[in-house]
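Remarks on the structure that follows.
The values are calculated or read from the model by the stated rules, or taken from the named source; none is laboratory data. Here the structure is a predicted model, which means the values were calculated and not measured. Note that we place each Cβ from the backbone using ideal geometry, even for glycine, and neighbour counts take in every protein chain shown. We work out accessible area using only protein heavy atoms, side chains counted, and drop any ligands, DNA or RNA first. Shrake-Rupley method; radii C 1.70, N 1.55, O 1.52, S 1.80 Å.
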Amino acid sequence: MTSQSPKATRPEPNKGVLDIAAYVPGSDKANPNVKLHKLSSNETPLGPSPAAIDAYNNIANKLEIYPDGSATELRDAIAKTHGLNPENILCSNGSDELLGLLAGTYIGPGDEGIFTEHGFLVYKIQIKAAGGVPVVVRETDLHANVDAILEAVTERTKIVFLANPNNPTGTYMSDAEVRRLQENLPPHVMLVLDAAYAEYVRRNDYASGIELVSANQNVVMTRTFSKIYGLAALRIGWMYAPAHIVDAINRVRGPFNVNTAAIAAGAAAMKDRAHIDKAIAYNEEWLPKLTEAFTNIGLKVTPSVGNFVLIHFPDGDAVHTSQGANDYLIERGFVLRAVAAYGLPNALRMTIGSEEANLGVINALTEFMKTA
């Protein structure tokens, strides 16, 4: 008789699942006695387009009807705005869902997925959830390094995840460097360009990845409605990808993964260019203001192209630490994002918020840096 392992006394998750550190969203808790300014999740201070709100409200008397499983209205609005074929667009319950679907569809046990050391934490989670091996690649001065990524590629590599711009650093990789990366990847390795903050970037050498997807069979671009469009509560993401990848993901996604209100509001938001231009202008006003203000009080700020700034506190200063600053700010109602989980233990990420919030943080950190 062959020996058998002891019988399990309860259902057990797949190997490696319990090794995953759960993703922790940005906090929204502060001193209850003061006004809360949530600056921890990169939400837009301008809110959504009024047209998107109207479209959302118009769905209220149709809640008994299933959504359009193909999200046709939303895909058509995206396609028209960006000049794309809607057949190469797939919509989702937030871009996070797409990252998980791509990992689950193309990574198997023992396969490798690559991402950079300060990249979005969800990449590691989804690679491990698929049974794969996360491969973390060093960055250079908080910038993704093409050569380091290519050096990490092996015969087991299936996906390279690249956040461009990156969260939480706010840095980006130029279009030329992204193209160099793609050109040197084996054709069977998928390059996933996570362009959640693309709408905010005002750099001539940046590209979100649309042209690269159009010209190749192994590139995917993901986008979100949670940032500049102000629809984070509705969880809308989309990807632009070669037809064979869209076909594969359509076979495994949920049949109604985007709800009716999200489809309507997303389509309306995509069409409201004036609202997007207003958000871009607001961000362009406050990004340099905050960077200059924090630099002037002795803090280092990583140059950002997103709607947030990464603030570094002095090394070797036992008083003026990121934890001390975080506690000081929370007591006054300003909630920023601690980024120790991203390998940045002495930094805080701040969303560009309302004028009141921005000035409040500047004043609070000015006073904090004067404390003994």
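Values as computed for the structure displayed
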{"item": "Ala8 versus Ile53: modelled label distance in nm, points set 7 Å from Cα along the beta carbon direction", "result": "4.9 nm"}
{"item": "Range of Cα positions in segment 218-296 per principal axis (Å), largest first", "result": "53, 31, 20"}
{"item": "Backbone HN-Hα couplings from phi across segment 23-36 [Karplus 6.51/-1.76/1.60, Hz, Gly and Pro as x]", "result": "5, 10, x, x, 5, 10, 10, 8, 4, x, 8, 10, 5, 7"}
{"item": "Cα-Cα P(r), segment 121-189, percent of pairs per 10 Å interval", "result": "18, 53, 28, 1"}
{"item": "Orientation-averaged projected area, Cα convex hull of segment 268-372 (nm²)", "result": "7.5 nm²"}
{"item": "Two-decimal log10 I(q)/I(0) for segment 111-262, as the Debye equation yields it once each C-alpha is a single scatterer, q = 0.14 Å⁻¹", "result": "-0.69"}
{"item": "Span per principal axis, largest first, for the Cα atoms of segment 254-316 (Å)", "result": "53, 31, 13"}
{"item": "Space enclosed by the convex hull of the alpha-carbon atoms of segment 33-76, per residue, Å³", "result": "169 Å³"}
{"item": "Reachable lysines, given that their alpha-carbon falls under 24 Å from the alpha-carbon of Lys124 and they are not under 8 places away in the same chain", "result": "Lys15, Lys158, Lys227"}
{"item": "Spin-label pair Thr154/Ala274, simplified geometry with 7 Å Cα→Cβ offset, distance in nm", "result": "5.6 nm"}
{"item": "Theoretical FRET efficiency, 1/(1+(r/R0)^6), r = Cβ-Cβ of Asn184 and Glu211, R0 22 Å, to 0.05", "result": "0.80"}
{"item": "Cβ-defined net charge surrounding Ala148, 10 Å radius [Lys, Arg +1; Asp, Glu -1]", "result": "-3"}
{"item": "Taking segment 189-287 and dividing mean pair separation by its residue count, relative contact order in percent (alpha carbons under 8 Å, at least six apart)", "result": "24 percent"}
{"item": "Segment 1-101 - convex hull of the alpha-carbon atoms, volume per residue in Å³", "result": "303 Å³"}
{"item": "Within the accessible area of the chain (1.4 Å probe), percent carbon and sulfur", "result": "52 percent"}
{"item": "Solvent-accessible heavy-atom area per residue, rounded to whole Å², over the chain at 1.4 Å", "result": "46 Å²"}
{"item": "When the convex hull of its Cα atoms is projected in every direction, mean area for the chain (nm²)", "result": "23.3 nm²"}
{"item": "Mean separation of Cα contacts under 8 Å, 6 or more apart, over the residue count of the chain: relative contact order %", "result": "24 percent"}
